[in-house]
Amino acid sequence: MTLIRSEFAEPVTTAKLHVVGGRPGIDLPAAERAVADLLKALGRDPDSDHLADTPRRVANAYAEMLTPREFDLTTFPNDEGYDELVLARDIPVQSLCEHHMLPFQGVAHVGYLPGDRILGLSKLARVVELFARDLQVQERLTKQVADWLQDHLAPRGVGVVIEAEHQCMSLRGVRAAGSRTVTSSVHGTLRTNPASRQEFFALTGI
């Protein structure tokens, strides 16, 4: 992950918002039974030596992929009046396509123009994970990250770009291996000011 930001002194006063996923719990026993039924439907014996523990493994794997970690959204007062773009580039993204339940993965570029507060940089990656660990479509994921930061940080502008390869395209169907989908969502000055918008997209490399 590449971080782009000009130098400024670290403020002392912080504010924290505890963030949790807020999604319904995963019923692991039910998921295991469903995987066993799927194996049977595919002509496999879930009680065989090789597959006996597969339902548990698959259920746990999906639970992990669909459960974001809790975190504190740490912000600091913008005492120095920093008013240039802050950008975290190449944040890893892993999610699950809700249409085929196959993974898609790539990188996110997340930037904002600070208002009264600035954000602990690692939290940009945490917010991406918050929404990526779900059954998703890339367009919604991109918008959710941008909307959430706009609502909780109140910056002068927010921009999010996600580039990802979808296994539902590369492993099946058209089998377009290596094809990447690019989506974007921008708010505030990064949407309304052409120069700021151009700077954001130039720094993302899009």
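The values are calculated or read from the model by the stated rules, or taken from the named source; none is laboratory data. As the structure is a prediction and not an experimental result, all values here were calculated from the model. Virtual Cβ from ideal backbone geometry, glycine too; neighbours counted across all protein chains shown.
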Considering every residue within region 26-47, establish whether at least one is under 30 Å from Glu163 (Cα atoms) and either in contact (Cβ under 8 Å) with a residue 12 or more places away in the chain or of a type in the set (Gly, Ala, Ser) (or both). yes
With Leu141, Leu102, Leu130, Leu73 as the choices, which residue is within 18 Å of the chain's Cα centre (by Cα) and at pLDDT below 95? Leu73
Go through Ala61, Ala52 for me and flag whichever is part of a helix (DSSP H, G or I) and modelled with pLDDT of 95 or more. Ala61
